[in-house]
Amino acid sequence: MRIGVPQERLAQETRAAATPKTVEQLLKLGFSVAVESGAGKLASFDDEAFAEAGAEIVTGDEVWQSDVILKVNAPNDDEIALLNPGTTLISFIWPAQNPQLMEKLAARNINVMAMDSVPRISRAQSLDALSSMANIAGYRAIVEAAHEFGRFFTGQITAAGKVPPAKVMVIGAGVAGLAAIGAANSLGAIVRAFDTRPEVKEQVQSMGAEFLELDFKEEAGSGDGYAKVMSEAFIKAEMALFAAQAKEVDIIVTTALIPGKPAPKLITREMVDSMKSGSVVVDLASQNGGNCEYTVPGEVVTTANGVKIIGYTDLPGRLPTQSSQLYGTNLVNLLKLLCKEKDGNIVIDFDDVVVRGVTVVREGEITWPAPPIQVSAQPQAAAKKVEAPKEAVKPASPWRKYALMALAIILFGWLANVAPKEFLGHFTVFALACVVGYYVVWNVSHALHTR
């Protein structure tokens, strides 16, 4: 079978669905690869690099004659018309938000696999394109915040005075949130994070951030890897926390999303108005409506009090080379699952829960949504066995201690009488050196000991 990689037509899209490295991997699976001329130009991959990797450089019309089409974004109407019956399309589709698109694709009698519908299970992590893009978006969010922020992230003491470190709050400790935490911490900022799922506390702390907690207990897991919608009482408590933090921090990064629904509003206008002038809010949920009430998708808004709200929707595309490589690798891993025999032919096996979850149209029939897959709960730790009390060790008799001391004194006195005078002086220095050396080493921290 031939795999085709057309050039992305969406405005301002810089990513490509394949790179020279992933082309080599696809060839090893037995496929032939055709790349439209200029498909990787904006991602810094020229046609010569693809040709050297073994791909055939073709025109726009020729690439759509392939058996499998790899894309980043869902096809537009003109591209849908180029899809031949029996073709397999693999790209981001967002079926919940695009029911009309699903109908148009099904009418072409093709197979469609949505990279945004990968099940949230361990076995599917290698093809989880949403996580790959979220990782890049979280990192880039801090880069954009640093660009708009007027100070250092790290604290410094200079001849001109002391510079305090920036304070960053990250809302949501998923893939994007953890990436933002790591990037901000590496720049020297004081980072704090909040998530409705208490089980991510250790992950946040391992990244060097403080985990903000509420005096409110409520189960936040939904069984599918996402956080569920919380109760009104919980939301009221977290909003009070955000309002207090907004007055203290310099930068807020929001990442909260609810699958199939608009993004929840977590940062109100009043919170932004209470922030210090020059502060920055980066809204990673802007494409779904935004977590901040000031957010305008695709734009940077400056409020009356000087706070900047970044609503970029193309953060992964601002690192096109890295994004293309990670997304291309996700596609390769999916094709490895579809082509287990490495003979260049794909098999859509619905007995495989990963393949079933990704496939949204099969032979012209809409198969979305897939049956739910429940993430197994972490097994509870086994109860510790109660050990039987050990018998108390009888203390040694005190007379032994005194007998040894008396023996040592007698031995030392005998040596002083029979040994030369020089020996006594050397022995005294040796004994004092042992005592001093012992206390010097004993009082040093174990972390400073060398081997």
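Laboratory data are not the source of any read-out in this text; all were calculated from the coordinates shown. All values reported here derive from a predicted model rather than from experimental measurement. Glycine also receives a Cβ, built like all others from the backbone with ideal geometry; neighbour counts cover every protein chain displayed.
A few comments on the model shown:
- Over the residues of the chain, the helix contribution to mean residue ellipticity at 222 nm works out to -11000 deg cm²/dmol, using -39500 (n - 2.57) for each DSSP H run of at least 4.
- Report note on the peptides 120-133, 313-326: ranked by the mean count of other C-beta atoms within 10 Å, highest first, their order is 313-326, 120-133.
- Of all DSSP-defined beta bridges confined to the chain, some 25% are antiparallel rather than parallel.
- Summed side-chain charge close to Arg2 - residues other than Arg2 whose Cβ falls under 11 Å, Lys, Arg +1, Asp, Glu -1: -3
- The angle separating the long axis of helix 398-418 from the principal Cα axis of greatest extent in the chain is about 70 degrees.
- Relative contact order of the chain: 16 percent, from C-alpha pairs under 8 Å at least 6 residues apart in sequence.
- Seen against the Cα atoms of the chain and their longest principal axis, helix 129-148 is set at about 70 degrees.
- Across the range 137-314, the volume of the C-alpha convex hull divided among the residues equals 112 Å³ per residue.
- Tensor-based shape of the range 40-92 (alpha-carbon gyration tensor, a/c under 1.5 rounded, otherwise prolate or oblate): prolate
- The overall shape of the range 50-152 is prolate: from the C-alpha gyration tensor, with semi-axes ordered a ≥ b ≥ c, the ratio a/c is 1.5 or greater and a/b exceeds b/c.
- Farthest positive-ward along the chain dipole, Cα basis, beta-carbon charges - from Phe92, Ile121, Met1: Ile121
- Gap separating the Cα centres of the range 265-290 and the range 28-86, nearest whole Å: 39
- Computed as a quarter of the hull surface, the mean projected area of the alpha carbon convex hull for the chain stands at 37.6 nm².
- Each Lys and Arg contributes +1 and each Asp and Glu -1, all at the Cβ; summed about the Cα centre of the chain, the dipole is approximately 2500 debye.
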